[in-house]
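Below is one structure; the comments refer to it alone.
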Amino acid sequence: MNKPDEPIRKVACPTCNTAVAWTTVNRWRPFCSERCKLIDLGQWATEKYRVPVVKTDSDEAAPE
C-alpha cells in the first residue's frame, strides 16, 4: 500500500491505455475494469497472444 507522502503510481491499462492507479484498492490492476481484464483473457484463450518457444539442443535430444 502507498505511504501517505508517496504519490500514487499510475500505469496504462494494457487493453485500452486508460491511466490506472496502481494501488491495492484497485481490484482489476493492471487493468482499468473487469471488461478490459476479460478482453485480455479472451485474447490469450483464442491464442491471439502467444509466448514464443525457442528450441534448444537439449529439447531435440530428449525422447518424446
task = Give the residues of region 5-20 whose amide nitrogen is closer than 17 Å to a point set 7 Å from the Cα of L41 in the direction of its Cβ.
result = 14-16
request  = Identify the residues of region 24-60 with backbone N under 18 Å of a label point that sits 7 angstrom from the Cα of A12 along the Cα-to-Cβ direction, or state none.
outcome  = 29-33, 36-37, 40
inquiry  = Can you tally the net charge around W28? Count Lys and Arg as +1, Asp and Glu as -1, for every other residue whose Cβ sits under 12 Å from the Cβ of W28.
reply    = +2
query = If you count, for each residue, the other Cβ atoms within 10 Å and average over each peptide, how do 24-34, 44-54, 7-17 line up from highest to lowest?
reply = 24-34, 7-17, 44-54
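No value in this document is a laboratory result; all are computed from the given coordinates. All values derive from a computational prediction rather than experimental measurement. Glycine also receives a Cβ, built like all others from the backbone with ideal geometry; neighbour counts cover every protein chain displayed.
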